[in-house]
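Input: a single structure, listed below in structure tokens.
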Ligand code: GLY
């Protein structure tokens, strides 16, 4: 079986002016994850590397370029999970950490806990020598301008539902040659959210889940809606009942639409290397590397391929 990595840059109505940068960004992140797998890295290493690339890219709402809360501050969330051991680590409401996904991995590997939040996450980062950066260095001019334009939280929520200006989550899933799966998800959350609001992304079973017995999932969309249907676990429960990765994703997103009237997206990989990138929003930038092929898309039913440049 060959290793596979799949990434997404968020499911929302990506405007044409961000389309190329979003597709280029997910392709670069998928190449990054694939190169880790090719050099013998684990699925866990691959999803961390892919999500770091997305966090470092200002076009996406995670790390550098994340959205601001009602007070104009960053509060970023991330999760990573290892399908072999079911170990997971998460951080929430971190302000001055350039790569929240790596801090989440440290929570998983270096603490007895599954999530650290706010000040505690920062104290932990200091204690293990993860350097902090100034929060201002992670805030882009684009985001400051968008935030000024849309200061009210309700406006932010409406934007999510209308899928007009929202700017969502990034994530990655991978399976390595040993058939271990992993997932990682990272976000700035909803623009103009209340201070202290935590969405689905760092919550196990909602923003992501990984289990070698069924697969790995990373979700994107309106956090409060994803939480209500525990979207990542819902997808895996359909796989456990015999559905394909694609059918399981479509069915679960349809359930979220029917039950809580919300759209979103998910990427999935199974231990045997089956994968899917599915969304019910207007667009989702995604990319995957399987064998020597880089697959990618943005619009519904779009699936382009090119040979992987090594
Ligand atoms: N899906 C990201 C969030 O709602 O926070």
List the number of the failed condition for residue 36; all other conditions in (1) crowded, with 21+ Cβ neighbours inside 10 Å; (2) at pLDDT below 95; (3) in contact with a helix residue (DSSP H, G or I) (Cβ under 6 Å, 6 or more places away or on another chain) hold.
(2)
Under 9 Å between Cβ atoms, which residue pairs at least 6 apart in sequence (or on different chains) link something in the stretch 174-191 that is more than 19 Å from residue 79 (Cβ to Cβ) with a partner that is within 16 Å of the ligand (Cβ to nearest atom) and in a strand (DSSP E or B)?
191/68
Is it true that residue 242 is buried (at least 19 other Cβ atoms within 10 Å of the Cβ) and at positive phi?
no
Candidates 302, 306, 290, filtered to the one that is under 28 Å from residue 205 (Cβ atoms) and more than 17 Å from the chain's Cα centre (by Cα)
290
Are there helices (runs of 4 or more DSSP H) fully within the stretch 47-146 with at least 2 residues that are within 28 Å of residue 233 (Cα to Cα) and in contact with a helix residue (DSSP H, G or I) (Cβ under 9 Å, 6 or more places away or on another chain)? List them.
100-110
Hey, does the stretch 18-32 have a residue that's at pLDDT below 95 and either more than 29 Å from residue 250 (Cβ to Cβ) or out of contact with any helix residue (DSSP H, G or I) (no Cβ under 9 Å at 6 or more places or on another chain) (or both)?
yes
Can you tell me which of (1) more than 16 Å from the ligand (Cβ to nearest atom); (2) surrounded by 15 or more Cβ atoms within 10 Å (Cβ to Cβ) is the one residue 291 doesn't meet?
(2)
Just to be sure before I move on: is residue 244 farther than 17 Å from residue 211 by Cα and in contact (Cβ under 8 Å) with a residue 24 or more places away in the chain in the structure I sent?
no
Note on the stretch 183-233: residues away from the ligand (no atom under 12 Å from the Cβ) and crowded, with 24+ Cβ neighbours inside 10 Å are 183, 184, 209, 210, 215, 216, 217
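The values are calculated or read from the model by the stated rules, or taken from the named source; none is laboratory data. Everything quoted here is computed from the prediction, not taken from an experiment. No Cβ is skipped: glycine too gets one built from the backbone with ideal geometry, and neighbour counts run over all protein chains shown.
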